[in-house]
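Below is one structure; the comments refer to it alone.
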Amino acid sequence: KDQVDMVLKNFNLFNIKKIIPENLLKLEGVVDGIASIRKIKKALLFTSDLKFNKIKINDYLVGNGEAKSVWNTVKESLKLDGKFYRDQIPTILFGGFYYPKKENESLDIKFELYQTELDMFDSYIEDFVSNVEGKANAKLTIEGNLKKPKLNGYITLHNPSFHINYLNTSYNANLFKINVVPDMISFDNMELL
């Protein structure tokens, strides 16, 4: 039932490099704010009010932003809200709820990407696809639970180009819309060159 609070002032994310494997996620930037961890039932809850400066994810500049998570005692949920901007232009927005006491439908989160460089995802796909270029916009909802999240929405790729390693062939397109539903990722009537 104890709670651990951390006050961060000019905390450089480089300091957590040894905790997160670089092939999983590479983080850079500075964080200020308060973060708390406590246990409710069997779930660990992370509440926060954090401000981020010059955040980079996998060498991609996300920008400046904030992330908040607040426990709602009445709804027994964790309210999540995050906004990141690069030069006043939104890059990543998310918001929603996490219900730790619910087993099946514990997530209700909306997630948006704007003009995100595709090479940000290189480290996750490099075994199959390389030389990835272009930008992505996405609007997704994340439902279900932490073990089996259900994604719904779409991802739009603008001027994507990539090399399929197995085929040793490079492709590009003008516009590439990917539909995402819980049991399928699909794209229809797409012209690849």
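Using a ≥ b ≥ c from the Cα gyration tensor of the range 1-82 (square roots of the eigenvalues), is it rounded, prolate or oblate, where a/c under 1.5 gives rounded and otherwise the larger of a/b and b/c decides, a/b for prolate? Kindly include the intermediate steps, with their values, before the conclusion.
Values: a/c = 2.02, a/b = 1.75, b/c = 1.15.
Because a/c hits 1.5 or more and a/b exceeds b/c, the range 1-82 counts as prolate.
Suppose the Debye formula is applied to equal point scatterers at every Cα of the chain; what is log10 I(q)/I(0) at q = 0.15 Å⁻¹?
For the chain, the Cα-only Debye profile gives -1.10.
Run the numbers for Ile37 and Ile109: contour at 0.36 nm per residue of separation, minus the present Cα-Cα distance, in nm.
Numbers: separation 72, 0.36 × 72 = 25.92 nm, distance 2.04 nm.
Full extension of this stretch gives 23.9 nm more.
For the range 70-139, rounded, prolate or oblate, judged on the Cα gyration tensor with a ≥ b ≥ c (square roots of eigenvalues), a/c < 1.5 rounded, else prolate if a/b > b/c?
On the way: a/c = 3.92, a/b = 1.82, b/c = 2.15.
Taking the square roots of the gyration eigenvalues as a ≥ b ≥ c, the range 70-139 is oblate.
Between Pro90, Pro21, Pro160, where does the largest GNM mean-square fluctuation fall for the chain, given springs only between Cα atoms within less than 10 Å?
The residue that fluctuates most here is Pro21.
So how much slack lies between Asn72 and Ile125, counting 0.36 nm per residue of separation and subtracting their Cα-Cα distance, in nm?
Values: separation 53, 0.36 × 53 = 19.08 nm, distance 3.77 nm.
Between Asn72 and Ile125, full extension yields an extra 15.3 nm.
How much mean residue ellipticity at 222 nm does the chain get from its helices, if each DSSP H run of length 4 or more adds -39500 (n - 2.57) and you divide by all residues, to the nearest 500 deg cm²/dmol? Write down the numbers at each step before the final one.
Details: 1 runs with 4 residues, N = 193.
Value at 222 nm, helices only: -500 deg cm²/dmol.
Compute the distance in nm between two label points, each set 7 Å from the Cα along the Cα-to-Cβ direction, one at Gln3 and one at Ile164.
With each label placed 7 Å out from Cα toward Cβ, I get 5.3 nm.
How would you order 127-134, 69-76 from highest to lowest mean count of nearby Cβ atoms within 10 Å?
On the way: 127-134: 14.0, 69-76: 11.6.
Packing order, densest peptide first, comes out as 127-134, 69-76.
At R0 = 22 Å, how high is the FRET efficiency between Leu140 and Tyr171 if r is their beta carbon distance? Nearest 0.05 is fine. The partial results should precede the final answer.
On the way: r = 24 Å, r/R0 = 1.08.
So the FRET efficiency works out to roughly 0.40.
Tell me the label-point distance for the pair Asn152, Asp183, using the 7 Å Cα-to-Cβ offset, in nm and rounded to one decimal.
Here the modelled spin labels are 1.5 nm apart.
Laboratory data are not the source of any read-out in this text; all were calculated from the coordinates shown. As the structure is a prediction and not an experimental result, all values here were calculated from the model. Because the Cβ atoms are built from the backbone with ideal geometry, glycine has one as well, and the counts that use them run over all protein chains shown.
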